[in-house]
Amino acid sequence: MNHVVLKGKVSSIPKISFIPTELTDLYVCKFVIEVQTDQQNQVADYFECISFENIKRIKYYYRGRGQKS
């Protein structure tokens with residue numbers, strides 16, 4: 001499985017959804033991260049992210065829109 005680490009700011013409110021399945025329940029979280037691409041913080045890239053299962057970690061680290069993650 002691929003593993004990516006992005007350091008930036010959360011630029012949208014995370015949307016958490018619940019998907020019931022036969023074997024187990026699946027939690028899905030969608031959010032956008034803003035990553036600065038230059039030293040002067042004038043240019044940024046935005047990444048749409050989807051996270052599965054580690055919702056407790058996301059809830060713990062999420063401090064609000066615009067906060068560093």
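Side notes on the structure shown:
- Count of residues meeting criterion [among the polar types (S, T, N, Q) and open to solvent by 100 Å² or more (accessible area, probe 1.4 Å)] in the range 26-40: 2
- Tally of residues being out of contact with any Cys (no Cβ under 6 Å at 6 or more places or on another chain), part of a loop (DSSP other than H, G, I, E, B) and either among the aromatic types (Phe, Trp, Tyr) or open to solvent by less than 90 Å² (accessible area, probe 1.4 Å) (or both) across the range 1-25: 6
- Conditions (1) within 18 Å of Val5 (Cβ to Cβ); (2) open to solvent by less than 100 Å² (accessible area, probe 1.4 Å); (3) at pLDDT below 80: number failed by Gly66: (1)
The values are calculated or read from the model by the stated rules, or taken from the named source; none is laboratory data. Keep in mind that what you see is a predicted model, and the values were worked out from it rather than measured. So basically every Cβ, Gly included, is an ideal-geometry build from the backbone, and we count neighbours across all protein chains shown. Note: accessible area is taken over every heavy atom of the protein model, side chains too, but ligands, DNA and RNA are not part of it. Shrake-Rupley method; radii C 1.70, N 1.55, O 1.52, S 1.80 Å.
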